Amino acid sequence: MLILVISLVGLLFAGGAAEKKSGEINLEWWTWDADMLESNKQIIAQFEKENPGVSITNTIIPTTEYWTKIRIQANQNKLPDVFTMSSGYIEEWAKEGLVYNLDSFVEKDDTFDYFYKAIFDTSKEISAADHYYSIPFALVTTVLYYNKDAFDKAGVAYPTDDWTWDDFRSAAKKLTVDTNVDGKIDQWGFTFTGRYAEIEPWVYANNGNFVDRSTMRFNPDKNALDALKMLTNLVLVDKVAPPQKDMSTFKLEEVFYGEVAAMWVDGSWLTDSFRRNIGDDFRWGFVRIPTGPSNKRVTYGWPDSYALAPNTKHPEMAWKFARYVAGEGIGLDLYMAGKIPSAKALAESPEFVDPAVQPGLDMLKLIELAASPMTTSYTMGWSEWRGYGGSDSLGLNGMIDAIINGQMSFDEAMKKGSEGINTVLSRYYK
């Protein structure tokens, strides 16, 4: 009898332990921003408090190693339940079945009462599939930054969202100044390189496209070519922007906050850097990218997102947590200035726009952009053909730099670059 009782008690304890274990949900969450370590701990603690029986483990991988390591996890069928997803990889991962189809969750949870539908739809477009595969937590776009003090000194009216390319070029000429008449430009009206964030905004502001989506080959249409010619002529003809080689000693954003140029187009996320580096040295603001002669402008932007593992054991809870960290359970203080939260409550909160901090009310423009249609140049193999991967081709970045550096003619660079780009694309799109 004693042995029987001990056995029964043992079974009861074993059953209780098993029941407790089966009632626990453990989620793995991978991110790449080491600066968020302490913030992530606080987010996890609050989520676990609100959801008893759930535990979250956060792994932060440096950006330079992230895609190598998470690809290894994917190959081993060990993807974390929730992980940071780049717009540059979403199409490839969706086609390979490495991300969870979120359509059912999006449809049943009144998602767009809380998040901007336009941002989710931009992510859907980038995935090249009629499904939602990611939960955007922020949107980044591009704007035309301008130095108000330089405009005042030159007697030029500030840019507006209605500016055309002609307005822009006219201002750039007046803002290009040789102060001491020594034959050396002391302030350029504008500056740019072949980088995506400095080129694509102009292409889409003229309703152009680089890639023919019917063939998935690099074949810039007339609107795209007009944008590239306008930009390269700023250096070669108008002389209002310097060759890329002359700017190689400057850090990326230093060309603007160092007052090398009065205008510059780049990411809205640089608002944070400019606030820190400019301070009160000069007054500045930003507007939308000037409209091209097509008179139809599409905004260039893309979301930062989270994705779910296709084989997560707890899809409902993984979705709930992803929504939580995408904006439902976090504060605006976790966003770099210039990044637009996908959660409406955060983007539309009074704290998003501080009139007393530069660029003041211009921040409202970002909220307008968050609700508008957007597009990007992302495809599979984008980083390679764009000129950032280990490609033997010239890449679009190199094509443009070669033109403005006087190393190749426009037609020569386009011909040689297009061949290399299409070699890359043909590997991904048969």
Go over the candidates 360, 381 one by one and state the one that is in contact with an Asp or Glu (Cβ under 9 Å, 6 or more places away or on another chain) and within 30 Å of residue 274 (Cβ to Cβ). 360
By residue number, the members of region 121-147 that are in contact with a helix residue (DSSP H, G or I) (Cβ under 7 Å, 6 or more places away or on another chain) and under 15 Å from residue 370 (Cβ atoms) are 123, 136, 137, 139, 140, 141, 142, 143
Tally time: how many residues in region 169-204 are hydrophobic (A, V, I, L, M, F, W, C) and closer than 26 Å to residue 408 by Cα? 9
Of the numbered conditions (1) more than 26 Å from residue 253 (Cβ to Cβ); (2) within 25 Å of the chain's Cα centre (by Cα); (3) not small (Gly, Ala, Ser), residue 181 fails exactly one; give the number of that condition. (2)
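Confirm whether residue 123 is modelled with pLDDT of 90 or more, more than 21 Å from the chain's Cα centre (by Cα) and outside any loop (DSSP other than H, G, I, E, B). I'd like the intermediate steps shown before the answer.
Working: modelled with pLDDT of 90 or more: yes; more than 21 Å from the chain's Cα centre (by Cα): no; outside any loop (DSSP other than H, G, I, E, B): yes.
So residue 123 does not fit the description; no.
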Report, by residue number, each residue of region 152-179 that is closer than 26 Å to residue 280 by Cβ and out of contact with any strand residue (DSSP E or B) (no Cβ under 9 Å at 6 or more places or on another chain). 152, 155, 156, 157, 174
Just to be sure, is residue 219 in contact (Cβ under 8 Å) with a residue 12 or more places away in the chain, in contact with a helix residue (DSSP H, G or I) (Cβ under 7 Å, 6 or more places away or on another chain) and within 30 Å of residue 424 (Cα to Cα)? no
Out of all the residues in region 99-138, which are closer than 18 Å to residue 324 by Cβ and among the acidic types (Asp, Glu)? 109, 110, 113
List pairs: first residue in region 57-82 and touching a residue at least 24 places away in the same chain (Cβ under 8 Å), second residue part of a strand (DSSP E or B) and acidic (Asp, Glu) anywhere in the structure, Cβ distance under 6 angstrom, at least six positions apart or on different chains. 57/28; 80/28; 81/28
Of the residues 420, 398, only one is closer than 19 Å to residue 226 by Cα and buried (at least 18 other Cβ atoms within 10 Å of the Cβ); which? 398
How many of the residues in region 395-430 are of a type in the set (Asp, Glu), free of Cβ contacts under 8 Å to residues at least 24 places away in the same chain and under 13 Å from residue 218 (Cβ atoms)? 0
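Okay, residues lined up against (1) under 28 Å from residue 402 (Cβ atoms); (2) touching a Phe, Trp or Tyr at 6+ places or on another chain (Cβ under 6 Å); (3) of a type in the set (D, E, K, R):
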site	(1), (2), (3)
236	yes, no, no
248	yes, no, no
260	yes, no, no
266	yes, no, yes
279	no, no, no
286	no, yes, no
290	yes, yes, no
294	yes, no, no
Matching residues, region 290-305, being touching a helix residue (DSSP H, G or I) at 6+ places or on another chain (Cβ under 8 Å), surrounded by fewer than 23 Cβ atoms within 10 Å (Cβ to Cβ) and closer than 28 Å to residue 98 by Cα: none
Just for region 296-341: of the residues that are β-branched (Val, Ile, Thr) and more than 30 Å from residue 207 (Cβ to Cβ), which one is modelled with the lowest pLDDT? 330
Out of curiosity, is residue 107 farther than 23 Å from residue 60 by Cα and either of a type outside the set (Lys, Arg) or assigned to a helix (DSSP H, G or I) (or both)? yes
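Being modelled with pLDDT under 95 and either not aliphatic (A, V, I, L, M) or not assigned by TED's automatic domain parsing to the domain that holds residue 127 (or both) narrows it down to one residue among 84, 57, 63; which is it? Before you say what the answer is, go through the steps one by one.
Working: 84 fails: modelled with pLDDT under 95; 57 fails: modelled with pLDDT under 95.
Just a single option satisfies the conditions, and that option is 63.
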Apart from one, (1) farther than 27 Å from residue 292 by Cα; (2) surrounded by 22 or more Cβ atoms within 10 Å (Cβ to Cβ); (3) in contact with an Asp or Glu (Cβ under 7 Å, 6 or more places away or on another chain) all hold for residue 131; the odd one out is (2)
How about region 60-73: which of its residues are within 17 Å of residue 97 (Cβ to Cβ) and within 23 Å of the chain's Cα centre (by Cα)? 70, 71
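The values are calculated or read from the model by the stated rules, or taken from the named source; none is laboratory data. Quick caveat, the model's predicted, so the values are computed rather than measured. Every residue, glycine as well, gets a Cβ built from its backbone with ideal geometry; the counts of neighbours run over all protein chains shown.
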